[in-house]
Structure formats: C-alpha cells, structure tokens
1. When you look at residue B:202, is it in a loop (DSSP other than H, G, I, E, B) and either modelled with pLDDT of 90 or more or out of contact with any strand residue (DSSP E or B) (no Cβ under 6 Å at 6 or more places or on another chain) (or both), yes or no?
2. Identify, from the list A:77, A:102, A:70, A:66, the residue that is closer than 26 Å to residue A:360 by Cα, hydrophobic (A, V, I, L, M, F, W, C) and in contact (Cβ under 8 Å) with a residue 60 or more places away in the chain.
3. Just one of the numbered conditions (1) over 28 Å from residue B:235 (Cβ atoms); (2) touching a residue at least 24 places away in the same chain (Cβ under 8 Å) is not true of residue B:152; which one?
4. Please go through region A:352-367 and give me each residue that is surrounded by fewer than 22 Cβ atoms within 10 Å (Cβ to Cβ) and not acidic (Asp, Glu), ordered by number.
5. For residue B:186, work out the one condition from (1) touching a helix residue (DSSP H, G or I) at 6+ places or on another chain (Cβ under 9 Å); (2) part of a helix (DSSP H, G or I) it doesn't fulfil.
6. Anything in region B:93-105 that is crowded, with 21+ Cβ neighbours inside 10 Å, more than 24 Å from residue B:23 (Cα to Cα) and not aliphatic (A, V, I, L, M)? List them, or say none.
7. Which ones in region A:260-293 are among the hydrophobic types (A, V, I, L, M, F, W, C), closer than 25 Å to residue A:357 by Cα and in contact with a Pro (Cβ under 8 Å, 6 or more places away or on another chain)?
8. Just the residues that are more than 7 Å from every other protein chain (Cβ to nearest Cβ) and more than 30 Å from the chain's Cα centre (by Cα), please, taken from region B:6-18.
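The values are calculated or read from the model by the stated rules, or taken from the named source; none is laboratory data. Being a predicted model, the structure only gives us computed values, none of them experimental. Here the Cβ positions follow ideal geometry from the backbone for every residue, glycine too, while neighbour counts run over all protein chains shown.
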Amino acid sequence: MSLKRPEGVLKAVKQVRGGVHVSHHKNTADMEVVRITPPKKIVLPMQQHIGAPCEPTVKVGDIVSVGQVVGDTDKFVSAPIHSSVSGKVVAVGDVSLPSGVVTKGVTIESDGEMTPYEGIKPPVIETREDFVKAVRASGLVGLGGAGFPTHVKLAFPKEKNIDTLIINAAECEPYITVDYRECLENSKNIIGGIQLLQKWLEIPNVIIAIEDNKPQAFKALQKIAGEFKVKDNVKLMTLKSVYPQGAEKMMVQSATGRRVPPGKLPADVGCLVMNVASAAFIGRYMRTGRPLVSRSMTVDGSAIAEPKNVRVPIGTSISEIIDFCGGFKEEPEKILSGGPMMGMAVFSTDVPMIKSNNAILAFSKGDAALKKERDCIRCGRCSAACPMSLMPTLIERYAKIGDVERLNKIGINVCMECGSCAYSCPAGKPLVQYMRLAKSVVREAAKK
Amino acid sequence: MILDKKLSVSASPHDHSKDTVTRIMLDVVIALVPSLIAAFFLFGPRTLIVSAVSVGTCVLAEYLSRIVMKRHQTIADLSAVVTGLLIAFNVPTSMPLWMVVLGDIFAIVVVKQMFGGIGMNFVNPALATRIMLIASFPTEMAKWNAPFSWKTEATTTASPLGEIKNIFRSGTINDDSFAELPSLMDMFLGKRAGSLGEVCAIALIIGLIYLLARRVIKITIPLSYVGSFAVIMFIAGGFNLTFLAYQVLSGGLLLGAIFMATDYTTSPINFKGQVIFGICCGILTALIRLFGNLPEGVSFAIILMNILVPHIEHLTTPKPFGTVKEKKKKGAEG
C-alpha cells in the first residue's frame with residue numbers, strides 16, 4: 001500500500017538505482033514493544049561496535065547496577081559498555097559474539113532487582129564538545145544495525161559544513177518493525193533528539209525519511225515534523241519502497257541527490273544520517289542520563305511461536321528472548337540476528353544480543369533452504385540490482401583469479417554487501433560471499 | 001532453553017527471489033510455442049517432427065557430453081531445449097533430418113560444451129549452427145516450402161528476401177515494385193516462404209510480449225536492433241514505408257532480434273552495452289541485406305556482434321556509485 005504525499009512532504013530528489021523488491025513480511029508492525037522478563041544472566045562482549053574493543057573495568061565478584069560502566073577504552077572509535085542488570089560479576093574472559101568471533105566479555109548474574117546505578121543523572125551540556133562527549137558516555141552506537149559509534153559521527157570538524165541531518169526511518173529490511181514502532185511509540189524522544197542534534201551541531205536542515213509503504217508511521221512522523229517551527233526546517237520525505245533504500249549512501253542520494261564518493265562518508269557531502277531509534281535515544285538520554293542498556297528488536301520467522309517486538313536488556317542470550325516469545329513452534333533450521341537480507345546466521349542460541357542487533361528471526365527447514373549454485377548464465381540481474389553500479393559476476397571472476405588491480409578498478413570496496421545481487425541471482429550464486437572473498441583478496445594484497 | 005540442534009549457517013542474504021535458470025529457459029520455450037503452432041499450420045506436421053528431432057538431439061548431446069566431460073548434469077536447466085527449438089526454427093521445413101541432427105550436435109558439443117557449457121559459449125549456438133548449415137548445405141538451406149502447400153502437394157517457392165533485394169538493386173522503388181510479393185498482411189501473418197519458425201511475425205511478437213511481461217528480457221536489444229535496421233532501410237528505400245515494412249517482416253529479423261540477439265550469454269549485460277550491441281546488429285544486418293551476396297544477414301550480424309561483446313562490455317562497464325568524473329579542466333568548470 002502506498003500513500004498519497006500530502007502538501008509540504010518532500011519526495012525523493014533522486015531514485016535509488018537498481019535494488020530489489022523483497023517480500024516485506026512486516027508481520028509485527030501492529031505489535032507494541034514489550035519488555036521481556038529480566039534475564040537471570042547477561043553476557044556483555046567488549047566488542048559491540050565497529051572500532052576498538054573495550055577493556056573490562058570490573059572484576060569477578062564486583063556488584064554492579066543497571067547503567068554502570070563495565071567496559072571502556074581510551075581509543076576514539078569505540079563506545080563504553082554498561083551493565084543492563086543489577087547483580088554480581090561472575091566471569092570476565094572470552095565470550096562468543098553472535099558472529100562466532102571470540103572477544104573479551106563480562107558475565108553478570110542478575111539479582112532480579114534491576115536497581116539503577118546511583119551515578120545516573122542527566123548530562124550537563126554547554127558546548128558542542130560536551131554534547132559529543134555525552135553521546136559517547138551514553139554508549140550509543142548506530143541502532144540501525146551497523147553499530148558504528150555515534151559520537152564519532154557527530155564529532156565531524158566544522159569545515160565539513162554539514163547542512164542536512166537525515167533521520168532514517170526507512171527500515172527496508174524485511175520482517176523488522178522496531179523503527180516503525182519507534183515512530184509510533186516514542187515521538188517525544190524523537191522530537192527531543194532532533195532538536196538537540198540540530199542545536200548543538202548547528203545543522204540548518206532536517207529531513208525525516210520514510211518508505212511510502214508505512215502509512216501509520218508516516219502519520220506519526222507527520223505529527224512529529226509538525227511540532228517544529230518553520231524556521232527549524234524540519235521536513236518529512238517519502239521514499240519509494242525498494243531495498244536497500246535505508247542504506248546510508250542511498251539515503252543521502254534520495255534525500256539530497258548527492259552521491260557519496262567511494263571511500264568517503266556522508267559528512268564529505270554535507271550530510272549526517274541517523275537512524276530514528278538512535279535519534280530518539282539521544283533525546284531520552286539527554287533528559288534522563290540513562291545509558292544504552294536495552295534496545296528493541298523484532299522476534300519473528302516461521303519457527304517462532306509468538307512473534308513479538310521486544311525490549312531486551314543488552315547481553316541477553318537469544319534463547320532467553322525466544323523463550324519469552326513462546327519458544328519454537330517448529331524445529332528451527334536457521335536463526336538470524338538481523339534481517340534476512342543483511343543479517344547473520346548464528347551458530348547457537350547461547351550467544352548474547354548486542355547493541356546493533358535489531359531482530360532475531362528463526363526459520364524452519366523449508367524457509368531456510370538455499371538455492372543450489374549453478375553456472376552463471378550472464379542474465380545480468382545482479383548488475384541491474386546493484387545499487388552501487390557494480391558488476392558482481394565480474395568481481396567473482398576477478399576474485400577467483402586474484403586480479404587485485406581489476407578488482408580495485410571496478411570498485412569492489414564500494415560494495416556494502418546489501419545482498420541485492422545474490423537475492424536476484426537465478427543461478428543461486430552466493431554472490432555476497434564472493435564479494436567478501438574479493439575484499440579479502442584486495443586486503444591481503446594490500447598487506448604485502 | 002538452549003538449543004542443542006546444529007543450526008545451518010550461511011552468508012547473507014537469507015532470502016532469494018523465485019527466479020531460477022530452469023524457469024527462465026521454460027519461459028523462453030513458452031514464448032516460442034506460438035511460433036511453433038503457427039509453423040504447424042503454415043508448413044504442416046513435418047515442422048513438429050523437425051522440432052522434436054532437434055530438441056531430442058540437443059538434449060541427448062548435452063547429456064552425453066556432460067558425462068564424457070565428467071561434469072555435473074545440466075539438461076534440467078532446459079537450455080538445450082531452447083537451442084534445439086531455435087535450430088529447428090532456423091531451417092526450412094523440408095530440411096533432411098540427418099542434417100538437422102548434425103547441426104544440433106555441432107551446436108551443443110562444439111559451440112556450447114567445448115567452451116564450458118551454459119553461460120560460457122561466445123557465440124549463439126543456434127546461429128552458429130545456421131551458418132554452418134548454410135555453408136555446408138546451401139541447396140537444402142534455401143529450399144522453401146510454400147505456405148499451406150503441405151495440404152495438397154509440397155511445392156517450393158522463392159523467399160521474399162531475394163525479390164526484395166532485386167527491387168532495391170533495380171534502383172526504382174515505388175508501390176508497384178512489390179506486386180510479386182505476398183501482401184504485407186500475409187507477411188505479418190506468416191503466409192510466406194521462409195525458415196520454419198521465422199515467418200509468422202505476429203506469433204513472434206506474442207512471444208516477445210510474454211518475455212517482457214515475465215521480465216525475462218528487456219526491450220532494449222530488440223528495439224535498438226529493429227530500430228536502427230528500420231532507419232537504414234527507410235533511407236535506403238528512398239523513404240518508402242512499404243519497402244521498410246517488407247524488410248522488417250521478411251527473413252529472420254524478428255526471430256533474431258527477439259530470441260537470438262537477446263541470448264544472455266552472448267549479449268552485453270548493461271543497458272549502454274545492449275544499446276550499442278542492438279544498433280550495431282541492426283546496421284550490419286541492413287548492410288548485408290542491401291549490399292551482400294547472401295539474401296539474409298541476421299545470423300552473420302548477430303554472430304559478429306557476439307564476438308565483440310567482451311569489448312563492448314569492457315567499454316561500457318559502469319563506474320562504481322559516487323565515482324567522481326575526472327573532467328579535463330579547461331578554464332571555467334560547468
């Protein structure tokens with residue numbers, strides 16, 4: 001269902017090239033986010049973001065409370081980690097991330113009280129630097145899925161002349177509806193977050209962008225945009241519903257017509273893109289001082305008994321979250337952390353959910369089946385689908401023969417692994433895997 | 001509850017479109033059916049025999065060559081069926097069956113499998129076979145049955161292409177020039193001499209519409225091919241629309257433009273490349289038809305362009321997203 005664009009609502013400046021029309025499966029769109037039963041135990045890996053891992057700041061036996069820092073580092077590209085329960089630290093050592101990567105982590109046994117940390121108070125902000133520092137202290141990383149520390153994004157130098165803040169509510173991944181719910185349930189914080197970002201970062205224009213297949217969230221956002229004064233220049237924009245509309249570079253192009261060059265960031269073309277849930281979090285944090293200790297995620301898929309949108313303390317294991325959602329109704333064959341297009345298949349349910357996880361999807365055997373890989377017939381569906389104008393079949397060929405020079409020339413590094421190519425391949429080629437192979441070939445060559 | 005079952009893991013994405021190679025090939029076969037039905041009515045039951053023999057031989061040849069080459073079996077993808085049908089469509093109905101069989105083996109074994117099978121052949125197997133058959137059996141390849149003659153007594157007749165060439169060479173083109181030819185409506189419906197599957201324009205266009213609706217092919221190549229061909233013929237014919245219409249409807253132009261120039265493996269992937277490919281096919285076809293010794297130029301034009309595809313592809317590889325064009329700075333910038 002697409003909606004009519006009322007007056008004052010912008011439309012995309014430039015359409016996304018290619019992309020794919022996925023089945024949306026937004027089954028949980030009407031389900032309010034519910035808090036799960038507090039977990040008995042949480043595992044907090046020290047690497048929940050892109051960048052440098054944190055070092056544990058607590059030791060076994062320490063008593064911690066909700067919101068207390070348990071991991072931090074001096075490195076810039078990183079974000080501190082807070083306890084999401086109150087209780088006792090029972091282990092500090094190697095833990096497994098959902099991806100299977102082993103990193104240092106802190107395991108905390110909950111006392112069931114969820115006592116908040118007494119040090120929690122709203123941050124005092126007087127300068128832009130204070131604001132960025134406060135965002136760092138909140139532990140915020142991009143909640144849309146990438147997990148890039150937000151304060152790094154905000155600490156752009158003045159000469160970048162950022163003129164547009166894009167609030168990303170596209171949520172183009174199938175199944176996931178947490179941003180959708182955020183628009184409906186958390187408008188006050190979204191408004192607050194936008195106001196603060198605009199004030200402290202001195203960004204003249206704000207565009208709130210949403211796909212045109214989400215009428216209810218659109219109405220909620222319309223109200224939000226209406227709360228601002230005319231001089232604030234906060235505009236709502238509807239985008240065509242096509243995957244991967246919500247990808248950062250696609251967002252910048254749709255909203256402003258600008259293209260982020262290979263290897264550059266949205267800041268280089270004067271844009272700052274922020275997920276709507278991240279903006280709402282900033283709004284709430286600056287009011288309350290409660291750091292990032294829980295997040296919303298969609299639990300869905302053919303093997304889940306009661307699909308839900310849940311608010312989960314960070315570090316809760318997948319199995320506890322699924323138990324809260326009625327367990328499995330069919331034997332699961334594949335469990336994803338994240339959406340079906342870019343999410344990751346987990347190897348076990350005994351792994352913690354981290355800051356960047358926005359969904360748990362469990363599929364039974366039939367829905368998890370892969371196509372058998374066949375020979376490429378050069379149909380060109382992959383190239384037509386690639387939003388970055390790449391030729392996946394060529395990249396596959398060059399990767400297999402290790403032709404680094406050509407790989408660089410045809411732009412392997414602009415690939416964001418959105419999966420549009422592999423989705424559309426009739427020969428069932430695991431093209432994203434080949435893209436990753438190609439990137440590693442280039443990386444290895446660069447090391448030499 | 002911790003699950004003790006082993007979960008499957010794989011790289012993203014975890015959802016896929018319903019497209020498969022088999023489904024695509026099946027769509028091409030379906031798109032060819034209207035032409036086969038038309039051929040049956042025009043040229044009689046032998047069309048079905050030729051088609052069946054051709055398809056059967058192609059599938060068998062593919063099956064055996066995959067076994068001999070110790071590679072995984074690919075007959076289920078139906079590409080051999082498509083090749084078999086296209087070869088049948090490219091020969092006269094009276095073609096001796098052993099010649100058809102020879103052509104099928106040539107297409108599958110030599111042109112397709114020796115280069116690696118589906119997706120690897122550098123020219124279209126059906127067209128390469130047509131050219132091989134023209135070179136080897138020129139008489140049999142130019143023996144055209146008159147439409148509907150199968151009902152009484154099989155008679156052969158001249159293909160309109162030769163006559164059209166004579167009209168062009170005579171130098172004067174006016175509306176009386178076409179008296180010897182079947183009417184344009186007959187040409188459109190296929191009541192003319194020609195290869196088994198190339199004569200009925202309306203059936204081929206139905207096939208085209210089906211392929212477009214199923215998104216198997218885009219209109220780019222057929223349109224740029226027929227378009228550029230038509231422009232040249234319009235000029236060459238002294239802006240005579242009848243001449244243009246006869247040129248477009250005769251020979252194998254529509255069959256070639258719709259079903260053979262659009263072969264994935266031997267045509268460019270990107271839009272720009274496809275336009276260049278289509279336009280060049282059209283120009284070459286027109287030049288061969290106008291100035292060549294052979295009456296028909298479709299197969300030669302497409303094959304020539306097939307060979308150039310890697311170069312076209314190289315020249316038209318799109319720049320990655322956001323690549324800044326390096327403009328030669330000449331004073332003021334636009």
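1. Here the answer is no, as residue B:202 does not meet what is asked.
2. It is A:66.
3. It fails just one condition, (2).
4. Hits for region A:352-367 are A:356, A:364, A:365, A:366.
5. (1)
6. Across region B:93-105, the qualifying residues are B:93, B:103.
7. The answer is A:272, A:273, A:286, A:293.
8. Passing the criteria: only B:6.
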